[in-house]
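Notes to accompany the following structure.
The values are calculated or read from the model by the stated rules, or taken from the named source; none is laboratory data. Please read these numbers as outputs of a predicted model, since none were measured by experiment. FYI the Cβ positions are ideal-geometry reconstructions off the backbone, even for glycines, and counts take in every protein chain you see.
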Amino acid sequence: MVYSDIEVASREELRDIQTERLTETVAYAYENVPYYQEALDEAGVTPDDIESVEDVSKLPFTTKEDFRDEYPDGLFAVDRSEIARLHASSGTTGKPKIVSYTDEDLDVWREVMARSLAAAGVTDDHVVQNAYGYGLFTGGLGFHDGVEELGACVIPVGGGNTARQIDMIQDLESDVLSATPSYCLYLAEAAEEQGIDPAELSLSRVIIGAEPFTDPMREEIEEALDVTAVDVYGLSEIIGPGVAIECEHAQDGLHLWEDHFYPEIVDPETGEPLPEGEEGELVLTSLTKEALPVLRYRTGDMTSLNYEECECGRTVVRMDNVTGRADDLLIVRGVNVYPSQIEEVMVDIEEVAPYYRIDLYRRNNLDTMELTVEYCESYEGTHDELESTIRQRLEEILEVKPDEIEVVGPGVIERSETGKVKRVFDHR
Ligand SMILES: [Zn+2]
């Protein structure tokens, strides 16, 4: 279902809206955020230089370091009295990024989240069990508000507590689960351990996000829970979840709500904009935010953009499923390795469970890569056999070979019941 007419507007209409909103946003940020005034002055750009949406590339980037440097509220454009809500995005190091919303911003967020849910096939008859964490993290409340806006029923279970989570699905017959992909797999496994067939649960779809994943991983989720798994994308710095989502119709790229968020793809090394269709780092500019306008935010997420109309009729640009981050890139003995490449192999080998970890060390000045892999309950072969299968498959796709592959039994690798799973441990 198309929730808003803008989803099927012509490219010209979209472009006009973007031009109007971008010029307003730049002028607004310049006037109200000293940080942006300084950044634009330094780049030699004035708001008058932004005449059309293509001029966006004249603007300087905003980075996660800028959020940290301006902690807590240096990027805010409104007075404290106008702020309706604050969230924080936890970083792995240092201070969190604090993000803020006016009443208008919250309305926009509800609207884009409702659009997203509708595109995912959620209707006002559905019961949505929200397993994203509530609290400072934008995932929980972002989904919650969107479900209410759409007119469906939300169960605010929050992250973790898997036994209760399964009880709720069974007793309340939830139709939709929103959770991270790794948590969906964890829940399926936990159900099985309780003697419940996860495919028999009432869920018809899951909305997965907050973590990069690969297509084989998605298939694994769809099979285990007998659901359609739809990819959602968002980030707190821009608004939270609801920036883009796949439609359940095509499941082929995420419809990005570009009347509110303007996307570009740049070379992660040089920052130069890349031609249409090429893969690079996603950069987003907010077009309607009041409390926290963001110009050209470097998301760190690697993807590409597709401007062709989707089978579902939506005309807004689609971004490819994010399978890695620009800063995810591992350089092992001078060779580029993306953890998603390893994941694809792991999920593709039937005897292997979708749990693995990569450990990187520097020994005698040499990078070493160790891979720990878990075999499935049903596997009856030897460790050596499995190890050589994995080694062979990895050698087909990676230029660098793992120094050690350790095969362990089911349940040995640590699961993440809440939040995002960590698979790469760089000890170098
Ligand atoms: Zn579509």
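So residue 264 fits all but one of (1) in the same structural domain as residue 65 (by TED's automatic domain parsing); (2) farther than 22 Å from residue 52 by Cβ; (3) part of a strand (DSSP E or B); what number is the exception?
So the condition that residue 264 fails would be (2).
When you go through (1) without any contact (Cβ under 8 Å) to a residue 60 or more places away in the chain; (2) closer than 20 Å to residue 224 by Cβ; (3) touching a strand residue (DSSP E or B) at 6+ places or on another chain (Cβ under 8 Å) one by one for residue 349, which number turns out not to apply?
(3)
Among the listed residues 357, 314, identify the single one that is within 16 Å of the ligand (Cβ to nearest atom) and touching a residue at least 40 places away in the same chain (Cβ under 8 Å).
Within the list 357, 314, the selection yields 314.
Does segment 192-222 hold any residues that are hydrophobic (A, V, I, L, M, F, W, C), within 17 Å of residue 355 (Cα to Cα) and in contact with a Leu (Cβ under 7 Å, 6 or more places away or on another chain), and which are they?
The answer is 221, and nothing else.
Looking for something part of a strand (DSSP E or B), away from the ligand (no atom under 16 Å from the Cβ) and among the aliphatic types (A, V, I, L, M) - is there at least one such residue anywhere in segment 236-246?
Scanning segment 236-246, I find no residue that is part of a strand (DSSP E or B), away from the ligand (no atom under 16 Å from the Cβ) and among the aliphatic types (A, V, I, L, M), so the answer is no.
Testing residue 332 on (1) away from the ligand (no atom under 16 Å from the Cβ); (2) closer than 29 Å to residue 237 by Cβ, one condition comes back false. Which one is that?
Of the numbered conditions (1) away from the ligand (no atom under 16 Å from the Cβ); (2) closer than 29 Å to residue 237 by Cβ, the odd one out for residue 332 is (2).
Among the residues of segment 304-316, are any in contact with a His (Cβ under 7 Å, 6 or more places away or on another chain) and charged (D, E, K, R)?
Yes: one or more hits.
For the structure I just gave you, tell me whether residue 320 is within 15 Å of the ligand (Cβ to nearest atom) and either farther than 20 Å from residue 114 by Cβ or free of Cβ contacts under 8 Å to residues at least 24 places away in the same chain (or both).
Answer is yes for this residue.
Within segment 252-270, is even one residue farther than 29 Å from residue 134 by Cα, among the hydrophobic types (A, V, I, L, M, F, W, C) and away from the ligand (no atom under 16 Å from the Cβ)?
Within segment 252-270, one or more residues are farther than 29 Å from residue 134 by Cα, among the hydrophobic types (A, V, I, L, M, F, W, C) and away from the ligand (no atom under 16 Å from the Cβ).
For residue 368, all conditions in the list (1) over 22 Å from the mean Cα position of the chain (by Cα); (2) within 16 Å of the ligand (Cβ to nearest atom) hold save one; what is the number of the exception?
Of (1) over 22 Å from the mean Cα position of the chain (by Cα); (2) within 16 Å of the ligand (Cβ to nearest atom), only one is false for residue 368: (2).
In this structure, does residue 111 turn out to be touching a Lys or Arg at 6+ places or on another chain (Cβ under 8 Å) and outside any loop (DSSP other than H, G, I, E, B)?
Taking the combined requirement at face value, the residue does not satisfy it.
Any idea which of 148, 104, 65 is out of contact with any helix residue (DSSP H, G or I) (no Cβ under 7 Å at 6 or more places or on another chain), in a helix (DSSP H, G or I) and modelled with pLDDT under 95?
65
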